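The values are calculated or read from the model by the stated rules, or taken from the named source; none is laboratory data. The structure presented is a predicted model; accordingly, all values stated were derived computationally and were not measured. FYI the Cβ positions are ideal-geometry reconstructions off the backbone, even for glycines, and counts take in every protein chain you see.
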Amino acid sequence: MTLTTDSPAARQRELLDLAGSVLAGGGLGLFQLPDEVNLVIAEGRGSHVTAVDGKDYIDYHLGSGPALLGHAHPEVVAAVQAQLPKGSTYYFLNEPAIRLAQRLVEAIPCADVVHFTGSGTEATFFALRIARAYTGRQKVLKFEGGWHGMHDYALWGTVPSRPSPYPNANPDSAGIPEALRGQVLVAPFNDAERAEAIIEAHGADLAAVIVEPLERVLVPQPGFLEAIREATRRHGIVLIFDEVVTGFRVAWGGAQERYGVIPDMATYGKAMSGGFPMAAIAGRREVMAPLDSRVRDRAHLAWASGTLNGNPISATAGLAALDVLSRPGAYDVFHHIGGRLRREIKALGARHGFAVQTPGEDAVFGVRFTEKEDLHTWEDLLTHDRQLGLRWGIELLKRGILNNPNEKFYLSIAHTDADVDRTLDACDDAFKALKM
Ligand SMILES: Cc1ncc(COP(=O)(O)O)c(C=O)c1O
């Protein structure tokens, strides 16, 4: 189908129709907006994106998190432009990848060494394999509601509509092998007692415990991560923090720095490569040894190769982004802007008669319609009114606020007080619209 019109609105309509016919599912993944607010993005700059129909949005989705510096940050663009004419991929060692590895090792508390992968999904998938190779054990444990990407070990108890029969859980996706049932155990997040009991009971079989230290929008309660750290250490289990979201976002040293608990391994993605595709596994040298063909024979190596691992363009973007984030005061904006949004959205909701909570961290938080003030567990989150959340998110989209309803608001260093003012006006109108 060729596009036949120059009218921006009609062009967008044509592109959406084309997407509907040539993309499986009509979109790029699970995420699908209702037709009335669906859009095709033409460009992004700073905290804003523009759709093909010409409409401007303040972006609180940021590519699902990677654009922590905002879109097209000038220093990232300049660095990538300088690298591009030198070629886009080599497979062999290259300086940007080595320098980025050095930067990650310096920044990430648990990292003696890192291994690059292409995506966060690959990072958690390989991290679990490395842990199995390291321990010689088979099973892994994750937490209910924890999101670790799309592989077969990750999609158990991720978005259950009722609490899982711990330590068992059901697969989230069709096509997950039944053979994995019982290989992936699930424990309730933020329930140290029950999680510890499961680890005690299955410790001898567990290769890894993987946890999102900030589980979507649930902040770890004091003592929870510490208890998991202690129990995994006791049983020789590899503790993996999935920092794909939290890395370089909730603090320069990620959740490990923010919450003061150091795992054996961590997975990184999203913000670490300046909005370009790349991810990494970081960890203690000993635990990462199964990757090392210098010290392991082939039969005992954990394979984690990938054509684009250590891609020089992504690594260059990552280096530029981390340079910006490493400057003094870089994280202050999140507390100012994110803190303001969290407080004022909740207050606006109350003014309109809606019980609204804004759980999470200032750099990444959720908006949930629920009376429950203390949201700690997945079960707590199930109290929220999804339908109302969806309607509110759609009203915001109509008013030029780009968001993924019922998910997260991501902040960038490019967001300004003027953005917040406009956002709060839109929130006010959206709450009003819910009452009509
Ligand atoms: C915590 C966490 N881990 C892993 C992933 C998977 O990363 P990717 O989408 O790059 O495969 C995501 C994706 O949103 C995530 O939020």
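Would the stretch 157-170 turn up any residue that is farther than 18 Å from residue 379 by Cβ and surrounded by 17 or more Cβ atoms within 10 Å (Cβ to Cβ)? No, the conditions are met nowhere in the stretch 157-170. Filtering 69, 93, 100, 84 for residues that are away from the ligand (no atom under 16 Å from the Cβ), at pLDDT 95 or above, outside any helix (DSSP H, G or I) and under 17 Å from residue 275 (Cα atoms) leaves a single hit, 69.
Of the residues making up the stretch 348-361, one or more are under 27 Å from residue 408 (Cβ atoms), hydroxyl-bearing (Ser, Thr, Tyr) and not assigned by TED's automatic domain parsing to the domain that holds residue 289. The combined condition, being under 16 Å from residue 70 (Cβ atoms), outside any loop (DSSP other than H, G, I, E, B) and outside the structural domain of residue 161 (by TED's automatic domain parsing), is fulfilled by residue 418.
For residue 236, the conditions (1) over 22 Å from residue 159 (Cβ atoms); (2) surrounded by 17 or more Cβ atoms within 10 Å (Cβ to Cβ) are fulfilled apart from (2). Quick check on my filter: what residues within the stretch 212-249 are part of a loop (DSSP other than H, G, I, E, B) and among the polar types (S, T, N, Q)? Selection gives 221, 246.
Going by the conditions given, is residue 277 at negative phi and within 10 Å of the ligand (Cβ to nearest atom)?
Against the criterion (at negative phi and within 10 Å of the ligand (Cβ to nearest atom)), residue 277 qualifies.
Taking the criterion of being within 12 Å of the ligand (Cβ to nearest atom), surrounded by 24 or more Cβ atoms within 10 Å (Cβ to Cβ), more than 20 Å from residue 410 (Cβ to Cβ) and under 17 Å from the mean Cα position of the chain (by Cα), would at least one residue in the stretch 254-273 satisfy it? No. Listed conditions (1) of a type in the set (D, E, K, R); (2) under 23 Å from residue 366 (Cβ atoms); (3) modelled with pLDDT under 95 are all met by residue 35, apart from (2).
The requirement of being crowded, with 20+ Cβ neighbours inside 10 Å and either in a helix (DSSP H, G or I) or assigned by TED's automatic domain parsing to the domain that holds residue 386 (or both) is not satisfied by residue 140.
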